[in-house]
Amino acid sequence: MKTESVLEKVLASGNLAVTSECGPPRGTNAEIIKAKGELLKGKVDAVNVTDNQTAMVRMSSFAANVFLKQAGLNPILQMVTRDRNRLAMQADILGAYAHGINTMLCLSGDHPSFGDHPMAANVHDIDSVQFIQMVKKMRDEGKFQGGADIDNPPKMFIGAAANPFADPFELRVARLAKKVAAGVDFIQTQCIYNLDKFEKWMEGVRARGLHEKCYILAGVTPMKSAGMARYMKNKVPGMDVPDEVVKRMAGVPKEKMADEGIDICVESIQRLKEVEGVAGFHIMAIEWEKKVPEIVERAGLLPRPTVS
Amino acid sequence: MITAERKPLEELIEYVRPYDRILLVGCNECVTVCAAGGRKEVGLLASALKMAFAKEGKTIDIKELTLERQCDPEYIEELVPHIEDVDAVMSMACGCGVQEIAKRFKNIPVFPAVNTKFMGASEQQGIWAERCQGCGDCLLGLTGGICPIARCSKHLMNGPCGGSTNGKCEISPDVDCVWQLIWDRLKALGMEDRYEEIIPAKDWRTAGGGGPRKIIREDLAE
């Protein structure tokens with residue numbers, strides 16, 4: 001075991017892991033993040049906390065991680081390279097680890113032009129691959145990126161994202177291979193709606209043995225409505241929502257759409273369970289955390305294993 | 001070349017409003033090529049300023065002059081015979097030229113007439129695009145001759161982010177995904193393996209992170 005991460009232990013035990021995510025509040029009300037945590041407690045192995053997602057200012061992932069940790073959950077510190085240089089990133093990693101946070105997700109982040117501070121400096125001192133290298137060096141060599149020794153190095157279980165649906169498709173396996181070579185331990189994928197394409201990507205992943213070098217958690221997001229399906233299809237970069245999914249959502253009465261979205265999500269998980277190399281699921285119920293327990297249960301992923 | 005765009009006339013009017021005699025100085029290098037501050041633009045701006053002030057009932061004396069280069073002290077000397085007769089200088093060169101004039105003439109105000117934009121190339125008539133950020137440690141040998149520092153919206157050095165769609169960047173359908181361009185070129189050259197090499201975290205000192213940059217060529221410096 002590289003770390004004390006519960007997520008690592010669940011994955012190493014051979015169980016399908018389940019993670020979910022919480023978006024922190026756009027303000028200082030800690031009760032919001034605590035309430036989201038309560039909904040997920042015992043239903044998932046670990047909970048990502050987003051870092052200024054869509055480039056909108058929110059309570060920091062670090063601070064929200066601490067609230068979840070205190071509430072007995074296993075938070076995952078998401079961190080983007082967009083907002084901080086390598087000094088600030090390493091400082092937060094030290095602080096988070098000192099608070100008992102041992103799992104993180106290394107991202108480049110949405111571009112500032114999508115958010116409410118498009119005028120902000122776009123830092124990107126390092127990219128996501130270099131970010132993985134930095135956290136691994138901190139953990140395995142006990143050294144800062146700059147080379148100096150760390151007193152009591154942070155032992156982070158290192159995650160990253162992969163989007164099998166972005167272009168160029170033929171580069172997407174090689175992109176994952178680069179993150180593996182950099183030292184990533186686990187991957188959470190972009191939301192999967194085009195299962196055929198995901199399976200094709202996984203074929204490429206298996207052909208290079210990458211599924212044996214990192215754990216791949218398949219990302220799913222339940223749709224609330226046909227409008228959301230259309231929005232994700234047409235407006236979200238790198239998202240692949242097939243027409244039949246939009247049609248299926250639009251084909252039910254409005255009051256039934258949310259149920260249909262949950263059904264699609266559960267069915268996707270059932271099918272993805274059969275894909276060799278899928279080590280678990282990352283359920284991103286955007287501002288809909290209360291539905292996660294139902295999805296996890298109906299997908300046959302309860303009870304969650306206990307690990308020590 | 002260094003590209004530039006002329007500032008809005010309203011801003012320039014306010015700069016020169018307090019003065020009666022202006023020396024308007026163009027540059028025959030980059031800003032001429034990108035049609036922002038060469039001899040022709042000097043003439044156009046001088047006329048526009050005179051007309052704007054004429055409407056207010058004010059006469060302004062504008063002397064027009066275009067130097068071979070404003071980033072070179074040798075050429076700045078050519079302004080000496082004219083500087084006594086004016087109250088202020090407006091430079092149509094890039095920021096380098098404006099500063100050379102300010103350095104040479106301690107007692108006369110100098111104002112920029114253009115916004116200096118980026119180091120770029122001409123894509124077609126009237127369109128220039130960024131190509132280089134002068135990071136001081138060129139990566140082009142690793143990336144198929146196409147720069148991810150200048151042309152990826154996130155400076156990604158190890159491949160495309162998850163927002164690359166149909167060859168375009170997530171920020172706009174008008175922006176090419178540079179990693180799509182790099183990948184297409186590596187493929188065309190049969191150099192796909194090059195992609196698998198991790199480019200390590202960059203040392204930004206050469207890009208300005210180490211403070212203002214300077215080149216000293218011992219063999220040339222006196």
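The values are calculated or read from the model by the stated rules, or taken from the named source; none is laboratory data. Being a predicted model, the structure only gives us computed values, none of them experimental. So basically every Cβ, Gly included, is an ideal-geometry build from the backbone, and we count neighbours across all protein chains shown.
Residues of the range A:67-119 being on the phi < 0 side of the Ramachandran plot and of a type in the set (G, A, S), which ones?
Result: A:A71, A:A88, A:A91, A:G95, A:A96, A:A98, A:S108, A:S113, A:G115.
Quick check, is A:V236 aliphatic (A, V, I, L, M), within 14 Å of another protein chain (Cβ to nearest Cβ) and either in contact with a Pro (Cβ under 9 Å, 6 or more places away or on another chain) or farther than 16 Å from A:S268 by Cβ (or both)?
Numbers: aliphatic (A, V, I, L, M): yes; within 14 Å of another protein chain (Cβ to nearest Cβ): yes; either in contact with a Pro (Cβ under 9 Å, 6 or more places away or on another chain) or farther than 16 Å from A:S268 by Cβ (or both): yes.
Taking the combined requirement at face value, the residue satisfies it.
From the residues in the range A:196-210 that are surrounded by 17 or more Cβ atoms within 10 Å (Cβ to Cβ) and not small (G, A, S), which one is farthest from the other protein chains (Cβ to nearest Cβ)?
A:E199
Search the range B:182-193 for residues being within 10 Å of chain A (Cβ to nearest Cβ) and among the aliphatic types (A, V, I, L, M), and hand back the single one that is surrounded by the most Cβ atoms within 10 Å (Cβ to Cβ).
B:I182
Looking at the range B:145-180, which of the residues that are part of a strand (DSSP E or B) and free of Cβ contacts under 8 Å to residues at least 24 places away in the same chain is surrounded by the most Cβ atoms within 10 Å (Cβ to Cβ)?
Of all residues in the range B:145-180, those part of a strand (DSSP E or B) come to B:165, B:168-169, B:172-176.
Subsequent filtering for residues that are free of Cβ contacts under 8 Å to residues at least 24 places away in the same chain retains B:165, B:168-169, B:172-175.
Values: B:T165: 20, B:K168: 17, B:C169: 25, B:S172: 11, B:P173: 12, B:D174: 7, B:V175: 14.
Looking at the filtered set, the residue picked out is B:C169.
Those residues that are more than 7 Å from chain A (Cβ to nearest Cβ) and in contact with a helix residue (DSSP H, G or I) (Cβ under 7 Å, 6 or more places away or on another chain), I need them from the range B:150-178; list them, please.
Residues satisfying the conditions are B:R151, B:C152, B:V178.
For the range A:154-194, which positions are in a loop (DSSP other than H, G, I, E, B), of a type in the set (D, E, K, R) and surrounded by fewer than 24 Cβ atoms within 10 Å (Cβ to Cβ)? Quick ask: steps written out before the conclusion?
Step one: of the range A:154-194, the residues in a loop (DSSP other than H, G, I, E, B) are A:154-156, A:163-168, A:183-185, A:192-194.
If we keep only those that are of a type in the set (D, E, K, R) too, we end up with A:155, A:167, A:185.
Within the range A:154-194, A:K155, A:D167 meet the criteria.
Output the number of residues of the range B:194-222 satisfying the condition of being more than 10 Å from chain A (Cβ to nearest Cβ) and of a type outside the set (K, R).
Here the count works out to 14.
Residues to consider are B:D61, B:D20; find the one that is touching a Lys or Arg at 6+ places or on another chain (Cβ under 7 Å) and loosely packed, with under 15 Cβ neighbours inside 10 Å.
B:D61
Which residue is surrounded by the most Cβ atoms within 10 Å (Cβ to Cβ), if the candidates are limited to the range B:95-129 and must be part of a strand (DSSP E or B) and charged (D, E, K, R)?
Selected residue: B:K117.
Based on what the data block shows, is B:L139 more than 7 Å from every other protein chain (Cβ to nearest Cβ) and within 25 Å of the chain's Cα centre (by Cα)?
Values: more than 7 Å from every other protein chain (Cβ to nearest Cβ): yes; within 25 Å of the chain's Cα centre (by Cα): yes.
Against the criterion (more than 7 Å from every other protein chain (Cβ to nearest Cβ) and within 25 Å of the chain's Cα centre (by Cα)), B:L139 qualifies.
Of the numbered conditions (1) assigned by TED's automatic domain parsing to the domain that holds B:K7; (2) in contact (Cβ under 8 Å) with a residue 40 or more places away in the chain; (3) not acidic (D, E), B:M191 fails exactly one; give the number of that condition.
Result: B:M191 fails condition (1) only.
All but one of (1) within 14 Å of another protein chain (Cβ to nearest Cβ); (2) farther than 27 Å from A:A279 by Cα hold for A:V80; which doesn't?
(2)
Give the range A:138-169 a look and list any residue that's of a type in the set (D, E) and either within 30 Å of B:G163 (Cβ to Cβ) or within 10 Å of chain B (Cβ to nearest Cβ) (or both), or say none.
A:D167, the sole residue that qualifies.
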